[in-house]
Amino acid sequence: MSEYLPFWPKAAAGAYVAGQSSAYVYSKALPTNGFTEVVLQLQIDADFGVDSDTYVEVIPQISNDGTNWEDQATGTFLLQAGGSYPKEIVEKFTEIGAFMRMKIRLYNGEAIGAMYLAPTVMVAGVGRS
């Protein structure tokens with residue numbers, strides 16, 4: 001059995017981020033109990049920063065109570081600004097809890113100044129049992 005998991009539909013994930021610091025945005029939490037693995041896909045459609053020191057990191061988190069969240073020990077998605085688009089990464093996770101969500105880290109690597117980072121991100125998954 002498999003089920004589609006729309007963690008972050010194709011939409012901007014934005015925050016005003018000071019130089020050499022991060023801001024975090026969280027996806028909705030979806031039930032994943034009963035699955036033995038979750039295959040996640042991250043896609044970014046357009047450039048979102050000025051150099052490769054600016055990046056988006058997506059960290060899957062699991063929880064058994066929906067309140068206390070733990071970063072997945074294996075596998076995070078890291079996409080740097082620049083290069084060609086769209087960019088896409090697919091990963092399989094077998095560490096499963098009752099719920100799963102995505103912690104989206106927006107990092108501004110510029111030493112001077114702050115910027116508004118708003119990449120168009122899509123994070124979707126398929127839960128398999």
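Residues considered: GLY97, GLY82. Of these, the only one that is assigned to a loop (DSSP other than H, G, I, E, B), closer than 16 Å to THR120 by Cα and of a type outside the set (Ser, Thr, Tyr) is GLY82.
It is to be established whether one or more residues within the range 26-34 are farther than 12 Å from VAL121 by Cβ, of a type in the set (Lys, Arg) and modelled with pLDDT of 90 or more. Yes: the range 26-34 contains one or more residues that are farther than 12 Å from VAL121 by Cβ, of a type in the set (Lys, Arg) and modelled with pLDDT of 90 or more. Step by step: first the residues of the range 16-29, then only those that are aliphatic (A, V, I, L, M) and more than 14 Å from the chain's Cα centre (by Cα), then the one that is surrounded by the most Cβ atoms within 10 Å (Cβ to Cβ). Which residue is that? Restricting to residues being aliphatic (A, V, I, L, M) and more than 14 Å from the chain's Cα centre (by Cα), the top hit is VAL17. Every condition in (1) exposed (fewer than 15 other Cβ atoms within 10 Å of the Cβ); (2) over 12 Å from the mean Cα position of the chain (by Cα) is met by MET115 except one, and the failing one is (1). Filtered by the rule that a residue be within 18 Å of the chain's Cα centre (by Cα), surrounded by 17 or more Cβ atoms within 10 Å (Cβ to Cβ) and part of a loop (DSSP other than H, G, I, E, B), the range 33-68 gives PHE48, GLY49, THR54.
The values are calculated or read from the model by the stated rules, or taken from the named source; none is laboratory data. What you see is a predicted model; the values in this text were computed from it and never measured. Virtual Cβ from ideal backbone geometry, glycine too; neighbours counted across all protein chains shown.
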